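Trainee: Dropping a structure here in structure tokens format, bear with me for questions.
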Amino acid sequence: MRGPAALALAILLTTTTAHARDLFESDDGEFRLVLRSSLKGSWLLAFPADDPTIDEEPGGAALFRLRFELGARLGEYLSAQVAYEHRALAASSTGIGFGLLPSAATPPFRLAALDWAIVDDAPSYAHRHELDRAFVSVHLPFLELTVGRQAIGLGRGVMFSAVDLFAPFAPAEIDREWRRGVDAVHAELRIPEISTLSGDLIAVFGSVENGELESWSLIGRLRATVGDVDGELLVGRRGEDTFVGGALSATIGDAEAHGELAFFGTDGRGVDGGLAGTRGVVMKALIGGSYVIDVWRGLRVALEYHYSGFGIEDIGARPDILADPAFQARFLRGDSQILGRHAIALALNTELTDELAVGTSWLQSPVDGSGMVLTSFTWIASDMLTLLLNGSVPFGTAPIAGIPQSEWGSSAITVFLGARIYD
């Protein structure tokens, strides 16, 4: 027995013995070592878009993730965390689950990927393992300092973001529990007497090539809260781009509103249009809001509009930009979460019982008319087991010879089943 079946059995056997437990705790509770293990299995069946030039059969994929998180409290002011993960993907063809499953692209913004192949026979079977977290944190009344591989999320968006700069999630991605870690130094400065004002300095480092740092980022952030309004201003450099942006959220009665705006100064590579016809400046924006309707246990409704200047103005008319390595690199690292420039999202979520939650999302391009409807059912069977059933139904102009003609028309109708075991 080999391949996915053998790996699945090995993971299940391993999980039954990999208990989340206190490995060590000092008598005074100041020192503590905790291990947590998680297993996730995802199975999906995909019915590809009707490309008139390609006869593609329905396909499937299975993804297994086994993750160990070791957390340590090393005193009153010091803590650390390490996360190590195995991933095994078996698929019938390349691209199955793209945008729904976690990206298989090389992680961005790492000095060294520390992501190794055990078996690489893609797409039929690939087994990889990686070090996804490795950081030390210092906790002081005026300073929160984290050094090492860590997750850094920015912005206020639900489905999209204009200022989320480091490994953002795709808008239709199902599993958002673990954002991929980046190598960074993150310092949060606080004035204990002024709780409504704080500042951050975030330095993120890319790969080292021939002994030289290939890319780096340095972002300063100032955050302030005034009454029911919370805002932040960001400025600095991300990769090869200069950057300035802001985010704002506010409570308005029983509703919430949020917005983001960002400008990138670029060298023009991998940019289809840019602001006011120049590729040197690219704008991204987001505006949205949410409201909880008093039905059942509360129906949360969220609506967002997103603009990405890194997107393509006319999908299908520019196959050359799709083949441009600089554009591909920007898209894969998350400069744009959408292929085009405009998108609207509507999400509805509610809990039917303590154990069962349901949701529906609608993604729509106002330019080419394509879209996607996503449904989700989450059942918390126990503290250890959660089951998920998701479906996605895209619509829009189908691809031609594999080249997208619309934002979501190239996506496959997909049925997704997931199981999460926490121990």
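The values are calculated or read from the model by the stated rules, or taken from the named source; none is laboratory data. Just so we're clear, the structure is a prediction, and the values are computed from it rather than from any experiment. All Cβ positions, glycine included, derive from the backbone under ideal geometry; neighbour counts span all protein chains shown. Ligands, DNA and RNA are stripped out before the accessible areas are found, and what is left, the full protein with its side chains, is counted by its heavy atoms. Shrake-Rupley method; radii C 1.70, N 1.55, O 1.52, S 1.80 Å.
Trainee: Looking at (1) closer than 25 Å to ALA46 by Cβ; (2) among the aliphatic types (A, V, I, L, M); (3) surrounded by 14 or more Cβ atoms within 10 Å (Cβ to Cβ), which one does ALA329 not meet, given that it meets all the others?
Mentor: Among (1) closer than 25 Å to ALA46 by Cβ; (2) among the aliphatic types (A, V, I, L, M); (3) surrounded by 14 or more Cβ atoms within 10 Å (Cβ to Cβ), the lone unmet condition for ALA329 is (1).
Trainee: Considering only region 270-285, I want to know if a residue exists there that is at pLDDT 95 or above and under 27 Å from LEU101 (Cα atoms).
Mentor: Within region 270-285 (the criterion being at pLDDT 95 or above and under 27 Å from LEU101 (Cα atoms)), the answer is yes, since at least one residue qualifies.
Trainee: While we're looking at this one, here's another question. Read through the list (1) open to solvent by less than 30 Å² (accessible area, probe 1.4 Å); (2) part of a strand (DSSP E or B), then give the number of the only condition that THR196 fails.
Mentor: Evaluating THR196 over (1) open to solvent by less than 30 Å² (accessible area, probe 1.4 Å); (2) part of a strand (DSSP E or B) leaves (1) as the failure.
Trainee: When you look at ARG73, is it within 25 Å of SER137 (Cβ to Cβ), touching a residue at least 24 places away in the same chain (Cβ under 8 Å) and open to solvent by 40 Å² or more (accessible area, probe 1.4 Å), yes or no?
Mentor: yes
Trainee: Anything in region 227-276 that is open to solvent by 60 Å² or more (accessible area, probe 1.4 Å), among the hydrophobic types (A, V, I, L, M, F, W, C) and part of a loop (DSSP other than H, G, I, E, B)? List them, or say none.
Mentor: The answer is ALA276, and nothing else.
Trainee: So which residues in region 199-218 are in a strand (DSSP E or B), open to solvent by 80 Å² or more (accessible area, probe 1.4 Å) and charged (D, E, K, R), if there are any at all?
Mentor: GLU209, GLU212
Trainee: For the structure I just gave you, tell me whether ALA345 is open to solvent by less than 60 Å² (accessible area, probe 1.4 Å) and over 19 Å from SER410 (Cα atoms).
Mentor: No.
Residue-by-condition table, conditions (1) closer than 18 Å to ARG341 by Cα; (2) surrounded by 18 or more Cβ atoms within 10 Å (Cβ to Cβ); (3) touching a Phe, Trp or Tyr at 6+ places or on another chain (Cβ under 6 Å):
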{"residue": "THR378", "(1), (2), (3)": "no, yes, no"}
{"residue": "THR397", "(1), (2), (3)": "yes, yes, no"}
{"residue": "SER411", "(1), (2), (3)": "yes, yes, no"}
{"residue": "VAL415", "(1), (2), (3)": "no, no, no"}
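Trainee: Identify all residues within region 277-306 that are basic (Lys, Arg) and either closer than 24 Å to ARG330 by Cβ or outside any loop (DSSP other than H, G, I, E, B) (or both); write none if there are none.
Mentor: ARG279, LYS284, ARG300
Trainee: Right, here's the next one. Among (1) more than 30 Å from LEU275 (Cβ to Cβ); (2) in contact with a His (Cβ under 7 Å, 6 or more places away or on another chain), where does LEU352 come up short?
Mentor: Failing condition for LEU352: (2).
Trainee: Please list, ordered by first then second residue, the pairs with beta carbon atoms under 8 Å, 6 or more apart or interchain, first in region 168-190 and at pLDDT below 95 and aromatic (Phe, Trp, Tyr), second part of a loop (DSSP other than H, G, I, E, B) and surrounded by fewer than 16 Cβ atoms within 10 Å (Cβ to Cβ).
Mentor: PHE169/ARG176
Trainee: Moving on to the next point. Would you mention how many residues in region 1-59 are more than 29 Å from the chain's Cα centre (by Cα), of a type in the set (Phe, Trp, Tyr) and modelled with pLDDT of 90 or more?
Mentor: Final tally of qualifying residues: 1.
Trainee: Quick one: is VAL295 of a type in the set (Val, Ile, Thr), surrounded by fewer than 17 Cβ atoms within 10 Å (Cβ to Cβ) and in contact with a Leu (Cβ under 9 Å, 6 or more places away or on another chain)?
Mentor: It is false that VAL295 is of a type in the set (Val, Ile, Thr), surrounded by fewer than 17 Cβ atoms within 10 Å (Cβ to Cβ) and in contact with a Leu (Cβ under 9 Å, 6 or more places away or on another chain).
Trainee: From the list PHE98, PHE64, PHE68, which residue is surrounded by 15 or more Cβ atoms within 10 Å (Cβ to Cβ), at pLDDT below 90 and not β-branched (Val, Ile, Thr)?
Mentor: Within the list PHE98, PHE64, PHE68, the selection yields PHE98.
Trainee: Within region 104-169, which strands (runs of 3 or more DSSP E) (wholly inside it) include 3 or more residues that are surrounded by 20 or more Cβ atoms within 10 Å (Cβ to Cβ)?
Mentor: 125-139, 143-150
Trainee: Please go through region 379-390 and give me each residue that is of a type outside the set (Asp, Glu) and more than 12 Å from GLY418 (Cβ to Cβ), ordered by number.
Mentor: ILE380, ALA381, SER382, MET384 - these are the residues of region 379-390 that are of a type outside the set (Asp, Glu) and more than 12 Å from GLY418 (Cβ to Cβ).
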